[in-house]
Amino acid sequence: MSIPRTETRNGQKILLVDDKPFILLSGELHNSSSSTLEYMEPIWDKMQALHLNSLLFPVTWQQVEPVEGEFHFELVDGLIEQAKAHGMKFGILWFGAWKNAACSYAPAWVKTDIKRFPRAEVEKGLNFINVPFKFFPMPYTTLSAFSEETTKMDARAFSKLCAHLREYDTDHTVVLIQVENETGLLGAGRDHSDIADAAFAEKVPAELVEGLLARKDGLVPDVKEALEHCQEGSWEEVFGEAAEEMFMAYYTAKHIEAVAAAGKAEYPIPMYANCWLVQGGKPGEYPSGGPVYRVMELYQTAAPSLSWVAPDIYIPQYIDTCKKYTKQGNPLFIPEIALQFRATSRLMYAVGKYHAICFAPFGIEDIGKPADTSLGELVGMDVSDPALKNVLDPVVYGRVNELIGGMMPVLTSLYGTNDLQAVIEEDPEERTMKFGDMAVSGSFMPGLSAGAGALLAAKTAPDEYYLLGYDTIPSFTSLDPEKPFTEYLSIEEGEFIDGEWVMHRLLNGDEEHIRFGAPTLLRIRIHRYS
Ligand code: DGJ
């Protein structure tokens with residue numbers, strides 16, 4: 001069996017695990033949960049009961065290399081055994097030089113040698129500042145992206161981890177790796193240390209300009225305009241107002257690339273980078289240089305070892321974020337999203353509309369409790385979102401994962417085609433899906449729905465559809481003028497179990513007027529006539 005890998009089918013990038021398409025129906029754990037096997041033990045049962053097929057959690061530089069040159073993998077081996085015992089897979093989050101734009105996961109021997117591992121200077125001459133957030137100042141320090149030594153040591157530890165996985169993880173329990181976590185610099189557009197200043201005075205590397213020009217169609221307007229105006233010169237000459245972010249992104253991407261490439265040289269499973277989204281006006285108010293959509297083409301150029309960049313979504317603009325992070329062939333991979341009641345419809349939409357590879361609410365072990373907003377803007381969360389107050393019901397969320405999990409072969413066979421679509425209540429602009437000459441619509445009505453409905457439709461044969469609905473009323477409209485009328489031939493309520501369709505009820509009579517409440521899967525055959 002091949003190691004986990006990506007492939008492009010029907011123009012869509014997908015993940016293959018043991019040679020079969022795999023969607024991570026996942027959750028990301030709190031940062032400290034995977035630091036001991038004891039703490040993890042009860043979590044696995046809970047996650048299995050939710051019908052997740054995978055988890056995302058950190059494996060950290062701090063714990064892998066606590067003393068320089070001494071590498072420890074007992075923890076990761078134990079996590080692999082625990083996952084296997086629960087029939088689950090996981091993705092590793094490599095918390096190396098960066099975690100939330102800071103360096104708290106660097107081992108003590110790195111943190112304590114500031115000469116060898118220099119810090120970024122948000123203000124010239126200062127290794128530490130209080131970043132002025134809205135309500136209070138946040139103590140802040142981070143490693144400089146411009147230090148070759150930091151990159152070398154981070155890459156070495158990561159490559160040891162990957163080499164170990166190659167030898168130990170022969171069942172492919174680890175399906176992919178996130179390299180670093182929410183990189184970038186807070187508090188300023190760029191690092192002002194001497195090494196950063198020297199790099200900023202240099203010319204923009206030609207390989208970057210070429211890479212961006214080759215991907216010109218996706219560039220955000222200000223970067224595109226700047227590049228059309230000037231293609232050679234200093235960062236400020238070429239990129240104008242966008243110079244600091246482009247500069248930081250290039251060197252941050254270079255660091256991630258060096259780490260990812262060193263890991264892939266040992267064990268080339270899929271790797272990606274995640275980001276703290278663009279928030280506030282200027283780079284520095286969100287981490288400057290992280291792999292946000294504004295610099296996606298830059299990351300594709302400077303970090304080719306990454307299979308995609310991924311948004312961590314803690315803002316209410318879900319629909320817009322999905323759009324922004326699927327340009328340039330980037331598949332939708334959501335490693336973190338706020339744990340709130342909309343997760344059910346958002347998962348259905350991510351899979352149905354964007355053919356996503358992963359959907360993972362953050363802090364999933366807290367499902368059933370209100371979203372933790374206590375860290376607020378310190379971690380990029382828009383706490384003004386009223387939806388955060390509505391709790392995600394574990395029964396509802398578990399059921400939708402179970403149904404999607406069963407449907408996975410059907411769904412992934414339609415990835416990249418027009419035969420798999422979805423609408424979501426959150427997007428008032430789109431209520432209808434067109435499958436050639438058939439329109440399938442979802443209505444969302446006050447009363448029936450709590451504002452979190454969705455309808456996913458998969459066409460598997462002429463006039464045969466699987467509908468996965470949650471709080472919605474579906475309808476079919478024939479667009480064929482020769483056969484304008486439709487009626488149901490059969491409506492089966494059921495699910496896929498071990499790859500086989502199992503019918504639980506044949507719906508007719510009163511039940512023919514379909515109203516989805518709890519997540520339910522139907523197989524529908526339609527007759528069209530005139
Ligand atoms: C985003 C980070 O990537 C996570 O590790 C975690 O800190 C969350 N924010 C907290 O909400």
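The values are calculated or read from the model by the stated rules, or taken from the named source; none is laboratory data. Please read all numbers here as calculations on a predicted model, not as lab measurements. Backbone-built Cβ (ideal geometry, glycine too); neighbour counts: all protein chains shown. Quick note on the areas: whole protein, heavy atoms, side chains included, nothing else; ligands and nucleic acids left out. Shrake-Rupley method; radii C 1.70, N 1.55, O 1.52, S 1.80 Å.
Project the alpha carbons of the range 322-477 onto their principal axes and report the range along each, largest first, in whole Å.
51, 38, 29
For a quick protection proxy, order the peptides 194-204, 294-304, 101-111 by their average other-Cβ count within 10 Å, most packed first. Working shown, then result.
Working: 194-204: 15.4, 294-304: 23.5, 101-111: 19.9.
Top to bottom by mean Cβ count within 10 Å: 294-304, 101-111, 194-204.
Which value, in Å² rounded to 10, gives the accessible area of Phe341 with a 1.4 Å probe and all protein chains present?
The accessible area comes out at roughly 30 Å².
What is the extension gain from Glu266 to Asp45, computed as 0.36 nm multiplied by their sequence separation minus the C-alpha to C-alpha distance, in nm to one decimal?
76.4 nm
With r defined as the distance between the Cβ atoms of Glu81 and Phe128 and R0 fixed at 51 Å, what FRET efficiency is calculated, to the nearest 0.05?
0.80
Please give every one of the aspartates and glutamates within straight-line cross-link reach of Lys124, meaning a C-alpha to C-alpha distance under 17 Å, and leave out same-chain neighbours fewer than 8 residues apart.
Once the sequence-local aspartates and glutamates are set aside, what remains near Lys124 is Asp191, Asp194, Asp197, Glu244.
Would you mind calculating the gained length between Asp510 and Glu241 on full extension (0.36 nm times residue separation, minus the Cα-Cα distance), in nm to one decimal?
Values: separation 269, 0.36 × 269 = 96.84 nm, distance 6.21 nm.
Length gained, Asp510 through Glu241: 90.6 nm.
Only bridges with both residues in the chain count here: give the DSSP antiparallel percent, nearest 5.
Rounded to the nearest five, the antiparallel share is 65 percent.
Let me check something: with ligands and nucleic acids excluded, how do Lys282, Lys389, Lys115 order by accessible area (1.4 Å probe), largest to smallest? Working shown, then result.
Values: Lys282 135, Lys389 160, Lys115 190 Å².
Ranked from most to least accessible, the order is Lys115, Lys389, Lys282.
So if each residue of separation counts as 0.36 nm, and I subtract the Cα-Cα distance between Glu74 and Tyr168, what length gain in nm does that give? Provide the component values of the computation, followed by the final result.
Working: separation 94, 0.36 × 94 = 33.84 nm, distance 1.08 nm.
Result for the pair: 32.8 nm of gain on full extension.
Residues of the range 329-359 with the amide nitrogen closer than 15 Å to a label point 7 Å from the Cα of Gln317, along Cα-to-Cβ, please.
Once the point is set 7 Å along Cα→Cβ of Gln317, nothing inside the range 329-359 turns out to lie under 15 Å by backbone N.
Find out how many positive minus negative residues lie around Gln178, taking Lys and Arg as positive, Asp and Glu as negative, among other residues whose Cβ is under 15 Å from that of Gln178.
-4
What does the charge count around Ser490 come to, taking other residues whose C-beta lies under 14 Å from its C-beta (Lys +1, Arg +1, Asp -1, Glu -1)? Present the calculation step by step, with values, prior to reporting the outcome.
Numbers: positive: Arg505, Arg523, Arg525; negative: Asp463, Glu464, Glu487, Glu492, Glu493, Glu511, Glu512.
Net local charge, Ser490 excluded: -4.
Under a Cβ-Cβ cut-off of 12 Å, what is the net charge of the residues other than Leu219 that fall near it, where Lys and Arg count +1 and Asp and Glu count -1? Working shown, then result.
Numbers: positive: Arg215, Lys216, Lys224, Arg294, Lys327; negative: Asp217, Asp222, Glu225, Glu228, Glu297.
Residues close to Leu219 contribute a combined charge of 0.
So what is the diffusion coefficient of the range 240-360 in µm² per second by Stokes-Einstein at 20 °C and 1.002 mPa s, using a Kirkwood Rh over Cα pairs?
143
Sort His51, His255, His164, His504 by heavy-atom solvent-accessible area, probe 1.4 angstrom, most to least.
Numbers: His51 70, His255 5, His164 40, His504 95 Å².
In descending accessible area the options line up as His504, His51, His164, His255.
Tell me the Kirkwood radius of the range 472-520: reciprocal of the mean inverse pair distance over distinct alpha-carbon atoms, in Å.
Details: mean 1/r = 0.0777 Å⁻¹.
Answer for the range 472-520: a Kirkwood hydrodynamic radius of 12.9 Å.
For the range 5-413, report the translational diffusion coefficient in µm²/s to the nearest whole number, using Stokes-Einstein at 10 °C, 1.306 mPa s, and a Kirkwood Rh over Cα pairs.
74
List the residues whose amide H sits under 5 Å from the amide H of Phe90, counting only those 5 or more places along or on another chain, with H placed 1.01 Å from N in the peptide plane.
Close amide H contacts, sequence-distant or interchain: Leu55, Val174, Val175.
Whole-Hz ³J(HN,Hα) for each residue in the range 486-493, computed from phi via Karplus 6.51 cos²θ - 1.76 cosθ + 1.60 with θ = phi - 60°, x for glycine and proline: what do you get?
Listing the rounded values in order: 10, 9, 7, 8, 7, 10, 9, 9 Hz.
For the residue pair Asp18 and His527, what label-to-label distance in nm results when each label sits 7 Å from Cα along the Cα-to-beta-carbon direction?
Result: 4.3 nm between the two label points.
Which value, in debye to the nearest 20, gives the size of the charge dipole of the range 14-105 about its Cα centre, when Lys and Arg are +1 and Asp and Glu are -1 at the Cβ?
420
Treat the range 420-529 as a sphere of radius equal to its Kirkwood radius over Cα pairs and apply Stokes-Einstein at 25 °C in a medium of 0.890 mPa s; give the translational diffusion coefficient in µm²/s, rounded to a whole number. Mind showing how you got there, number by number?
Numbers: Rh = 14.3 Å.
In µm²/s, the coefficient rounds to 172.
If one computes P(r) from the Cα atoms of the range 107-177, what percent of pairs lie at distances over 14 Å? Intermediate values should be presented prior to the final figure.
Numbers: 1733 of 2485 pairs.
The proportion of pairs with Cα distances above 14 Å equals 70 percent.
Per residue of the range 99-112, what does 6.51 cos²θ - 1.76 cosθ + 1.60 with θ = phi - 60° give for ³J(HN,Hα)? Whole Hz please, x for Gly and Pro, Karplus curve as stated.
These are the phi-based 3J(HN,Hα) values: 8, 6, 6, 10, 10, 5, 8, 5, x, 4, 5, 7, 4, 8 Hz.
Provide Ser35, Ser144, Ser441 ordered by accessible surface of protein heavy atoms (probe 1.4 Å), highest first. Numbers along the way, then the final one.
Working: Ser35 45, Ser144 0, Ser441 20 Å².
Reading off the accessible areas and sorting them downward yields Ser35, Ser441, Ser144.
Given the DSSP H assignment, sum -39500 (n - 2.57) over each helix run of at least 4 residues in the chain and divide by its residue total; what's the result at 222 nm in deg cm²/dmol, nearest 500?
-9000 deg cm²/dmol
Compute the separation of the alpha-carbon centres of the range 237-253 and the range 457-503 and state it in Å as a whole number.
49
Please tell me which of these pairs span more than 28 angstrom C-alpha to C-alpha: Lys323/Lys434; Lys254/Lys323; Lys160/Lys224; Lys254/Lys353; Lys99/Lys323; Lys13/Lys434?
Lys160/Lys224; Lys254/Lys353
Would you check the accessible area of Thr486, probe 1.4 Å, heavy atoms only, in square angstrom rounded to 10?
50
Residue-wise, which Karplus ³J(HN,Hα) couplings in Hz belong to the range 45-61, taking 6.51 cos²θ - 1.76 cosθ + 1.60, θ = phi - 60°, and x for glycine or proline?
4, 4, 6, 5, 5, 7, 6, 6, 9, 6, 9, 10, 7, x, 10, 10, 4
Can you give me the relative contact order of the chain as a percent, contacts being Cα pairs under 8 Å and 6 or more apart?
13
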